[in-house]
Amino acid sequence: MKDLKIQAIGLMSGTSLDGLDVCCCTFRRETKKWNFHIDCAKGYAYPDDLKQKLGTGAQQMTALEFITFHSAYGKFLGERVNDFMREFNVHPDIIASHGHTIFHEPQKRIMFQIGDGAAIAAETRIPTVSDFRRLDIMLGGQGAPLVPIGDRLLFADYDYCLNIGGFSNISFEQENRRIAFDISPVNYVINHYCRQIGLEFDKDGEIARQGSVCQPLLDELNRMDFYHQTGPKSLGREWVETLVYPMLEKYGLNLEDKLRTFYEHAAYQIERVITAHPRPSGNSKLLITGGGAFNKFLIERIDALCPCEIVIPERSIIEYKEALIFAFLGTLYMADEPNCLASVTGASMDNIGGMLFK
């Protein structure tokens, strides 16, 4: 295994619809060990009409409208990368694009990440890898989460790597295997309710902080079947819209109490997972990244419940860790190394996911 150096741009668009994260990183493999440096990174907000299409509009499109949007959104991604490269004067070896999840029902072998990688490559004139999930799903896996290979190879100093975005997900080592899964919805639900009063998110958790926990609702949320399933598992918007929203509405709560109860639910589910998978040493570190790491009240609740040291890293890691790791997935693709772990997704084998356009 020879030493290697690759500069890659990672593109990440999450279910919370915060916008597009672009992260340019240099990866080096030296004596079989990978390390990274974030060269530059920036977030791009979505225009309102694009946010609407990515949020719920795409699911209602005709087939022709959908494939047209797939192409147009890919062009949009390529244009943002061109803006980014001009601003920071970079020209990477590879672009790796997550796309934006529109459909995710792995039990039916259905998924779609919108944002045509061919359009990105055509717009930027740089080799582009996209569609990282499809092969894993066809191999019987969940197609998610994909970040744990980066957790294992780039963030091995932490016992648990927790990302809090639209959904929370966690990864950790267990008997020399990387284990990872989605825990619960978080910002996908919080932002949904904040948008109803004209806000994009609950800054510092101040709305939820003013509320009170509704114990019957909390108990009902915690009883949902998903939380008691074992093995690889992942969540999508369909599950939230079908089960979670009706549950949150049925008690007639005001916004503050609704959010306060949901925060408690999200924090409790994180604590439940960590308590069920203790480290042998008893002293463990929990790395928290993603937009939820900035939510002071949510972090307070996790800290109050979890029996481990919480580490909030530098801002660039919080904001861009997923984009960083997608850049790494593209790097692993170019190195011809597995970028998707069967122990995480439940697929029949590790695989090298993605489609290359060059």
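Where a number appears in this text, it was derived from the coordinates with a stated rule and is not lab data. All of these numbers come straight from a predicted model, not from anything done at the bench. Cβ: placed from backbone, ideal geometry, glycine included. Neighbour counts: every protein chain shown.
Tabulated results
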read-out: For the chain, built as a Gaussian network whose Cα springs stay under 10 Å, the top-fluctuating residue of Leu248, Leu77, Leu259; value: Leu248
read-out: Stretch gain in nm, segment Lys108-Arg279, where the contour uses 0.36 nm per residue and the Cα spacing is subtracted; value: 58.1 nm
read-out: Long-range amide H partners of Gly14 with built H, under 5 Å; value: Gly19
read-out: Those GluC sites (Glu not before Pro) in the stretch 310-358 that DSSP places in a loop and that have at most 11 other beta carbons within 10 Å; value: Glu314
read-out: Low-density loop positions, trypsin sites (Lys or Arg not before Pro), the stretch 237-267 - DSSP coil, at most 14 other Cβ in 10 Å; value: Lys250
read-out: Helix 63-88 axis, angle to the chain major axis (alpha carbon atoms, nearest 10°); value: 70 degrees
read-out: For the chain, built as a Gaussian network whose Cα springs stay under 10 Å, the top-fluctuating residue of Ile288, Ile318, Ile110; value: Ile110
read-out: Selected from Leu305, Tyr245, Met349, residue furthest toward positive end of dipole (the chain; charges at beta carbon); value: Met349
read-out: Long-range HN-HN contacts of Cys40 with modeled amide H, under 5 Å; value: Cys24
read-out: Alpha carbon centroid spacing (whole Å) that separates the stretch 59-130 from the stretch 249-324; value: 30 Å
read-out: ³J(HN,Hα), Karplus 6.51/-1.76/1.60, whole Hz, each residue of the stretch 186-199, x for Gly, Pro; value: 9, 5, 4, 7, 4, 5, 4, 6, 5, 5, 5, 10, x, 10
read-out: Cα-based convex hull, the stretch 179-302, per residue volume (Å³, whole number); value: 115 Å³
read-out: Environment charge of Met138, counting only residues whose C-beta is closer than 13 Å and scoring Lys/Arg +1, Asp/Glu -1; value: +2
read-out: Sum of side-chain charges, Lys233 neighbourhood, beta-carbon under 12 Å (Lys, Arg +1; Asp, Glu -1); value: -2
read-out: Only Lys, Arg (+1) and Asp, Glu (-1) charged, at Cβ; the chain dipole about Cα centre in debye; value: 620 debye
read-out: For Gln142, distant residues with modelled amide H under 5 Å away; value: Gly346, Ala347
read-out: Sites matching trypsin sites (Lys or Arg not before Pro) across the stretch 139-224 that sit in DSSP coil, with at most 12 neighbouring C-beta atoms within 10 Å; value: Arg223
read-out: Rounded to whole Hz, the Karplus (6.51, -1.76, 1.60) HN-Hα couplings of the stretch 107-120, x for glycine and proline; value: 5, 9, 6, 10, 7, 8, 9, 6, x, 4, x, 5, 5, 4
read-out: Formal net charge of residues neighbouring Gly57 (Cβ-Cβ distance under 15 Å; K, R +1; D, E -1); value: 0
read-out: Point-charge dipole on Cβ atoms (K/R +1, D/E -1) for the stretch 197-347, about Cα centre, debye to 20; value: 260 debye
read-out: Principal-axis tilt of helix 296-305 within the chain, Cα atoms, nearest 10 degrees; value: 70 degrees
read-out: Peptides 20-27, 333-340 ordered by average Cβ neighbours within 10 Å, highest first; value: 20-27, 333-340
read-out: In degrees, nearest ten, helix 315-334 long axis to first principal axis of the chain (Cα); value: 40 degrees
read-out: Residue-by-residue Karplus 3J(HN,Hα) for the stretch 146-153, coefficients 6.51, -1.76, 1.60, Hz, glycine and proline x; value: 9, 5, x, 5, x, 4, 5, 8
read-out: Candidates Glu79, Glu105, Glu87, ranked by Gaussian network fluctuation over the chain, Cα under 10 Å, top entry; value: Glu87
